[in-house]
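Notes to accompany the following structure.
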Amino acid sequence: MAVRLSRRMQALAALVEPCQSLADVGCDHAYLSLALLESGRVKRALAMDIRPGPLKRAREHIAAEGMADRIEVRCSNGLASYHPGETKAILISGMGGGLIRDILEADLPSAREAGQIILGAQSDLPMLRAWLLDRGFVTQAQDLVEDGGKWYFLARVRYQEGSRGDCSWTPEELAYGKLLIENRHPLLEVYLRREEAMLKSILAALPQGKVRRREEILERLKQNRRARLRISEEK
């Protein structure tokens, strides 16, 4: 029986380049690992999570799909139980950008050894993108998807020797994704207009004394406008 994925998880799966093996960090119920194997995009998978409950359900789902010989389930805090070069790809999603950064920072050799890293951060995206650039990771692909009324920014990156310290992205590229802007992703302008309306609403209701918060919102509005201008100019 084919595993049914949410729109977000479908987009994550589509970012994975076909490979021999993949580590799914924070695998939850292992639906994504199962779907990648069933599609033939991945031959073997390592499903890792630190929580006993999801790991138990992951084992149950894997057994029900007859995939126990192709998916190893492992208790791991991030990449703590992972070994450099153990798989050809690493997938980390469903958590904040700060946590993803900490997971990768804690085991940079493993991250740099992987042929591809697929990321689905839920927050702190500008910070995570800047950190990836500073650590020598280049962005190969980006995607944007709306699922259940929420917006998800996804990416595939890999380490490239000699590119460390390349922080040449503009503020709007760090905020929204360089490739999404350059490629005029069809959903990006929709997202930007909705965000602009939301930010203006927040700004109008913000007390005058919240100077720092007001400055942050005004800066984000500037980035939003620059991103929309670039999209319209490049059409």
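What follows is calculated from the coordinates using simple rules that are stated; it is not laboratory data. The model shown is predicted, which means the values in this text are computed figures rather than measured ones. Note: ideal-geometry Cβ built from the backbone for every residue, glycine included; neighbour counts use all protein chains shown.
Here are some notes:
- Rounded to whole Å, sorted largest first: equivalent-ellipsoid semi-axes of the chain, Cα gyration tensor: 33, 19, 17
- Bridge type composition, the chain - antiparallel percent by DSSP, nearest 5: 40 percent
- Relative contact order computed over segment 61-155 (Cα-Cα under 8 Å; 6+ residues apart), in percent: 25 percent
- Cross-link partners for Lys200 among the lysines, with Cα-Cα distance under 29 Å and sequence neighbours closer than 8 places in the same chain left out: Lys150, Lys178, Lys210, Lys222, Lys235.
- Pairs of alpha carbons in segment 1-88 whose separation is greater than 19 Å (percent): 32 percent
- Mean Kyte hydropathy of -0.5 or more with a Cα span along the axis of at least 15 Å, helices from DSSP in the chain: 188-205
- Per-peptide packing, taken as the mean over residues of other Cβ atoms within 10 Å, places 169-175, 183-189 in the sequence 169-175, 183-189 from highest down.
- GNM top mover of Ile50, Ile217, Ile71 - the chain, alpha-carbon springs below 10 Å: Ile217
- The order of the peptides 190-197, 103-110 by mean Cβ neighbours within 10 Å, most packed first, is 103-110, 190-197.
- Sequence ranges 114-125, 10-21, ranked by mean other-Cβ count within 10 angstrom, highest first: 114-125, 10-21
- Computed [θ] at 222 nm, helices only, for the chain once each DSSP H run of length n ≥ 4 contributes -39500 (n - 2.57): -14000 deg cm²/dmol
- Long-range Cα-Cα pairs in segment 54-185 (distance over 20 Å), rounded percent: 49 percent
- Between segment 122-142 and segment 62-92, the Cα center-to-center distance that results, in Å: 23 Å
- Counting only aspartates and glutamates at least 8 places from Lys56 when in the same chain, those with an alpha carbon closer than 16 Å to its own are Asp24, Asp28, Glu65, Glu72.
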